[in-house]
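Peer 1: My questions all concern the structure below.
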Amino acid sequence: MRIQQEQKQAAALKAAEYIRDNMVLGLGTGSTAYYLIRRAGELVKAGMRLQAVATSRSSEKLAEEFGIPLADINEVSRVDLTIDGVDEIDPNFEAVKGGGGALTREKITAYYSEQVIWIMDHRKQVSRLGAFPLPVEVLPFGWHLLSEKIHGLGYAPILRVENGQTFRTDNGNYILDIHSPSPAGYRKLSDLLHSYPGVVETGYFPAVCSRIIVADSSEVLVIENKK
Ligand SMILES: O=C[C@H](O)[C@H](O)[C@H](O)COP(=O)(O)O
């Protein structure tokens with residue numbers, strides 16, 4: 001476990017080398033992004049001028065704790081670089097995100113960022129997406145009918161529960177976690193889900209990253225997305 005945390009930290013520290021003075025920085029969410037936010041705080045303390053936009057309330061709190069100036073995403077004219085974690089990523093840089101429920105804000109921030117770096121320990125790399133269920137953010141209104149509809153298509157959506165309570169995203173919505181019977185099908189499934197009223201966003205991320213940074217027990221690899 002400790003080794004895994006060290007790998008997350010190593011990937012985050014490498015990614016922090018891409019942060020430049022005066023950047024508007026998108027802060028990801030999760031245990032890997034934690035190390036990045038902490039490092040960004042150190043850079044600010046050392047004199048770097050940064051403005052950050054957070055992909056979740058938890059990352060916003062961390063940014064405050066580490067002294068990183070925050071901006072509302074609706075008040076910035078650009079995001080230069082977003083650094084975030086992933087739950088699974090395949091060799092084509094397609095990813096599943098949203099294990100922490102932050103997928104919608106993460107996707108918006110990633111799409112409008114000049115550059116995106118995904119950081120991870122090597123366990124996140126898979127040959128095909130599918131072992132991690134696809135998180136789907138849905139409106140509470142009508143979620144049950146939507147869930148039945150998805151069930152009727154042959155999937156098994158599970159309403160996310162945390163500490164005995166229905167999980168609520170930072171946007172006040174629910175999460176359905178969907179295991180796919182066809183592991184290669186997350187892109188198709190995501191497109192289909194977008195056609196249903198009540199679906200806010202899915203955790204399937206096309207290859208929007210500029211590069212990924214992967215750490216294992218011996219090295220930290222920077223892999224460029226050349227497409
Ligand atoms: O909603 C959460 C995010 O998508 C995270 O980036 C993802 O779950 C990875 O988190 P961690 O770095 O804790 O494994």
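Peer 1: Looking at the structure I just gave you, is E64 under 18 Å from A15 (Cα atoms) and not assigned by TED's automatic domain parsing to the domain that holds L176? Even if it seems obvious, please write down each step before you answer.
Peer 2: Working: under 18 Å from A15 (Cα atoms): no; not assigned by TED's automatic domain parsing to the domain that holds L176: yes.
In short, no.
Each row is one residue, and each column tells you yes or no for (1) within 13 Å of the ligand (Cβ to nearest atom); (2) within 16 Å of R57 (Cα to Cα); (3) assigned to a helix (DSSP H, G or I).
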position	(1), (2), (3)
S77	no, no, no
F93	no, no, no
G100	yes, yes, no
E106	yes, yes, yes
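Peer 1: Also: Give the range 30-60 a look and list any residue that's under 21 Å from V220 (Cβ atoms) and within 16 Å of the ligand (Cβ to nearest atom), or say none.
Peer 2: Passing the criteria: G30, S31, T32, A33, Y34, Y35, L36, I37, R38, R39, A40.
Peer 1: Mind counting the residues in the range 170-198 that are in contact with an Asp or Glu (Cβ under 8 Å, 6 or more places away or on another chain), closer than 30 Å to K227 by Cβ and crowded, with 20+ Cβ neighbours inside 10 Å?
Peer 2: 2
Peer 1: Can you say whether A102 is of a type in the set (A, V, I, L, M, F, W, C), modelled with pLDDT of 95 or more and surrounded by 23 or more Cβ atoms within 10 Å (Cβ to Cβ), as far as the supplied structure shows?
Peer 2: So A102 passes the test.
Peer 1: Do you know which residues across the range 1-29 are within 15 Å of the ligand (Cβ to nearest atom) and of a type in the set (D, E)?
Peer 2: Hit for the range 1-29 is E6, nothing else.
Peer 1: Here is a further query. With in contact (Cβ under 8 Å) with a residue 60 or more places away in the chain and not assigned by TED's automatic domain parsing to the domain that holds S31 as the only criterion, which of L81, L139, L103, L145 stands out?
Peer 2: The conditions single out L139.
The values are calculated or read from the model by the stated rules, or taken from the named source; none is laboratory data. From a predicted model like this one, the values you see are computed outputs, not experimental measurements. Here the Cβ is made from the backbone with ideal geometry for all residues, glycine too, and neighbour counts use every protein chain on show.
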